[in-house]
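Notes for the one structure printed next.
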Amino acid sequence: MKLQIAIDGPASAGKSTVAKLVAKKLGYVYCDTGAMYRATTYAAKKNHVAYDDDQGLKEMLEKTEIRFVPAEPEQKVFVNETEVTKTIRLPEIANNVSTVSAQKSVRADLTERQRMIAEKGGIVMDGRDIGTTVLPNAEVKIFLVASVHERAVRRFKENVEKGIDTPLDVLEKEIEERDYKDSHRKISPLTQAKDAVLVDTTSLSIEEVVAKIMEIIEKVQK
Ligand code: CDP
Ligand code: CDP
């Protein structure tokens, strides 16, 4: 049986890293829903639509195609004909995505797109509301967490590789702020689904987290 696997959790808990690896092991498709919210934020900026203009964003999305194109080492993201894989990771997008993702019309539109992508199963989808809202019937639901400090350290290390030198305490503050906004918005806030398995990755390696998740999946497949 081709399963739907939902992986949710706060920023930098390791969702996309482990979701990609789990998808590869199973031969499943990986869908990064955060990239879809980031791509929408990019489109809003480009089209001069305010990040909190619910109606304006709705109309913009009707004309906006968001596509994932398989590639190594990572899939590419396109907004209509423009490749935005790197652009959507910039601070201008990261600092405004929580505002865009809190808009009702945006959540309705992207949730619909995500359900279509996952319809036939064989999918690992990561985000904030996959287990609670997008795929409430997913056979496997994982809620990944790690301490704020550990998540800031992970971001710090990633930034060093990219030549970005934001201090650790600033990263901790940014992560706390985004956690707060994502957990307190009215529609589909970040929460653990009742039937999700909690995995604390604070002191686990990527390989250990993947092994844990594969164990959970194998139990469901039996
Ligand atoms: O990579 P990181 O964990 O920093 O974030 P992301 O997964 O790329 O998601 C970026 C933002 O999109 C989140 O902070 C949420 O505001 C929003 N998001 C959401 O609202 N629902 C989802 N299913 C996925 C992301
Ligand atoms: O998608 P999300 O924002 O939840 O996190 P990520 O971008 O997949 O991971 C953030 C960083 O943490 C990456 O650089 C990973 O290599 C690192 N990391 C991890 O994902 N899991 C661990 N157990 C340890 C480190």
- Working only within the range 204-222, note down all residues that are within 16 Å of ligand 2 (Cβ to nearest atom), open to solvent by 40 Å² or more (accessible area, probe 1.4 Å) and in contact (Cβ under 8 Å) with a residue 24 or more places away in the chain. ILE206
- Give just the number: which of (1) within 19 Å of the chain's Cα centre (by Cα); (2) open to solvent by 60 Å² or more (accessible area, probe 1.4 Å) does LYS194 not satisfy? (1)
- Query: Among (1) within 12 Å of ligand 2 (Cβ to nearest atom); (2) surrounded by fewer than 23 Cβ atoms within 10 Å (Cβ to Cβ), where does VAL18 come up short?
  - Reply: (2)
- Restricting attention to the range 116-152, which residues are more than 16 Å from ligand 2 (Cβ to nearest atom), open to solvent by 30 Å² or more (accessible area, probe 1.4 Å) and touching a helix residue (DSSP H, G or I) at 6+ places or on another chain (Cβ under 6 Å)? GLU139
- Task: Of all residues in the range 84-113, count the ones that are open to solvent by 30 Å² or more (accessible area, probe 1.4 Å) and within 22 Å of ILE164 (Cα to Cα).
- Result: 8
- Only one of (1) surrounded by fewer than 19 Cβ atoms within 10 Å (Cβ to Cβ); (2) more than 15 Å from THR33 (Cα to Cα) does not apply to PRO189, and that is (2)
- Note on the structure: All conditions in (1) at pLDDT 95 or above; (2) within 16 Å of ligand 2 (Cβ to nearest atom); (3) surrounded by fewer than 20 Cβ atoms within 10 Å (Cβ to Cβ) are true of GLU74 except (1)
- Item | Candidate set from the range 21-52 (those that are in contact (Cβ under 8 Å) with a residue 40 or more places away in the chain and more than 30 Å from ILE206 (Cβ to Cβ)); member that is surrounded by the fewest Cβ atoms within 10 Å (Cβ to Cβ) | ASP52
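Residues are listed down the side, and each one gets a yes or a no for (1) in a loop (DSSP other than H, G, I, E, B); (2) modelled with pLDDT of 95 or more; (3) among the β-branched types (Val, Ile, Thr):
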| position | (1), (2), (3) |
| --- | --- |
| ASP126 | no, yes, no |
| GLY131 | no, yes, no |
| PRO136 | yes, yes, no |
| ILE142 | no, yes, yes |
| GLU150 | no, yes, no |
| ARG155 | no, no, no |
| ILE164 | yes, no, yes |
| LEU171 | no, no, no |
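The values are calculated or read from the model by the stated rules, or taken from the named source; none is laboratory data. Note that the structure is predicted; figures quoted are calculated from it, not measured. Ideal geometry is used to build each Cβ from the backbone, glycine not excepted, and the neighbour counts take in all protein chains shown. In case anyone asks, the SASA skips ligands and DNA or RNA and just uses the protein heavy atoms, side chains included. Shrake-Rupley method; radii C 1.70, N 1.55, O 1.52, S 1.80 Å.
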